[in-house]
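Derivation of every value follows stated rules applied to the coordinates shown; laboratory data play no part. Everything numeric here is computed off the predicted structure, so don't read it as measured data. In this analysis, Cβ positions are derived from the backbone assuming ideal geometry, glycine residues included, and neighbour counts consider all displayed protein chains.
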Amino acid sequence: KDLYLSGGVYLGGTGAANLLDDYESGTWTPTIVGSTSGSITGFTVSDATYTKIGDTVRLSCYLSSMNMTTSTVVGTYEIGGLPFSPDSYADVVSVAYCNMFSFDESTTSISGYCNGPVIRLLKGSSTSGVTDADSGSNTGAAIMISVTYKVA
């Protein structure tokens, strides 16, 4: 059962810094776009949820049935449609889990960082971006991601 507290609740003291008065949870609509241009469309979105507590957002999603042969992505893959704008570079995104399935077999683990209103995807722990060259001609690719970031 939901509990609503008018005005918030104090945690660990009565100072303003201890007031929890900003909590929200819900769903969001992820997009996949290119850092230069283009997008991937027509994929299945499962379990795209978020929780925002104060200035911190935790979100996750599972994107599947991506037809990479119709991708128009130019540049690095980016996840857009975030429910809140990230505070770019001030607090780097923490990618708790991010994986690509059925892409280039040598690139299965991916990471990322906030870049404006999107999360830019990188290959493993490198600084090289994930691009169409990594996806091949797969018609059933998928991405699973769980991210925590600070809002702008």
**Q.** Packing-based ranking, highest mean first, of 9-20, 44-55 given that Cβ atoms within 10 Å are counted
**A.** 44-55, 9-20
Q. Between ASN18 and VAL45, what FRET efficiency follows from the Cβ-Cβ distance if R0 is 25 Å, with the result rounded to 0.05?
A. 0.10
Q | Dipole magnitude of the range 1-77, debye to nearest 20 (Cβ charges: Lys/Arg +1, Asp/Glu -1, about Cα centre) | A | 180
Q | Relative contact order %, the range 1-80, counting alpha carbon pairs below 8 Å whose residues are six or more apart | A | 31
